[in-house]
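Just below is one structure, and these are the notes that go with it.
The values are calculated or read from the model by the stated rules, or taken from the named source; none is laboratory data. Since we're looking at a predicted model, the values are computed, not measured. Ideal geometry is used to build each Cβ from the backbone, glycine not excepted, and the neighbour counts take in all protein chains shown.
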Amino acid sequence: MMEDCAVERLIGLGRARQLVQRIDPLGVERISADNAAGRIAACDIDACCSCPTLDASLKDGFAVRGRDIASACRERPVPLTLVGSVVAGGHCDITVKTGQAVRIMTGAPIPAGADAVLASEFADTSGNQVLALADAGPGRNILACGSDVTAGSTIIDRGTRMFPGHLGLLAAAGVAEIPVFRQPRVLVIATGSELAVPGEPIAPGQVAASNLVTLMAEAGAMGIHADHLLVRDDLHLLQEKIAPLIEKYDVILTCGGVLDGDKDFTMQAMDNLGVEPVFRRVRVGPGKGVCLGKKDSTCIFNLPG
């Protein structure tokens, strides 16, 4: 899960981040794109189709040949013959010829022969006649095929954490399933005989295990479920609790017991359990006591209490 490296001590924050970034991603799984919020893309994702899939109207109005109404204005309207209509999701077999117009709704496909849409507010109609009261040059009020997304183009880069906007983009591009990195199995352990279980009454001399709650909430905010455990200050008990759990989790976060006090047993427990240290202590405050170690495929972060 991580490259081998010698232990580094009292390092800068930047260096600590570099070492953390050496952690290998977990395995890949395919999931429905509409359930991918918060997940990390495991590869570049390309659009399956263009969006829009064809030239579409941006306005309610009339599909026309722009050159037919190039001189149109309210003082000198240009008459056109209405030869049909088309709505969003519909299909139009009509080819617009010189002097013709097709009534069109927003989102509807542009008929063959037309190269502009005259907005309805710039036209008067009477029966099958349309009076163009303004010009509409080629491309006016038309959303070109692929102008939002082009088929085959990369729309999500590998390593992107996906938010709701990304999911909308995937849907628009016709992407149904995507490969994402597997969510890590996370365990949060708070150590300290003085800790009270979250939600239970706090007796005199106790403190709430608030760091435990915070770490679990941080994981939850990333869409990751975290299990938790409270262990009192006892070296053998701590080792006994952690030993069988290491292989069950990808990441273990311990909180407390990382310094050199008489009741600080966390780092001794890590050594006794064969956890290989990557770094111990970082030049930040608060938080100087943070450590990172690994055992087999599990990364273990030790945080101050």
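Taken together, the residues in region 227-282 that are hydrophobic (A, V, I, L, M, F, W, C) and free of Cβ contacts under 8 Å to residues at least 60 places away in the same chain amount to 17. For Val251, the test of being over 20 Å from Gly293 (Cα atoms), surrounded by 14 or more Cβ atoms within 10 Å (Cβ to Cβ) and under 34 Å from the mean Cα position of the chain (by Cα) is failed. Has region 115-129 got at least one residue that is within 26 Å of Ser71 (Cα to Cα) and aromatic (Phe, Trp, Tyr)? Yes; the residues of region 115-129 include at least one that is within 26 Å of Ser71 (Cα to Cα) and aromatic (Phe, Trp, Tyr). Any residue that is modelled with pLDDT under 95, in contact with a Leu (Cβ under 6 Å, 6 or more places away or on another chain) and closer than 30 Å to Val290 by Cβ - is there at least one of those in region 206-213? The answer is yes, given that some residue of region 206-213 is modelled with pLDDT under 95, in contact with a Leu (Cβ under 6 Å, 6 or more places away or on another chain) and closer than 30 Å to Val290 by Cβ.
For region 194-206, which residues satisfy the criterion of being within 18 Å of Asp234 (Cβ to Cβ) and not acidic (Asp, Glu)? Full working, then the answer.
The initial filter retains those residues of region 194-206 that are within 18 Å of Asp234 (Cβ to Cβ), namely 194-197, 205-206.
If the condition is that a residue be within 18 Å of Asp234 (Cβ to Cβ) and not acidic (Asp, Glu), then Leu195, Ala196, Val197, Gly205, Gln206 are the ones that fit.
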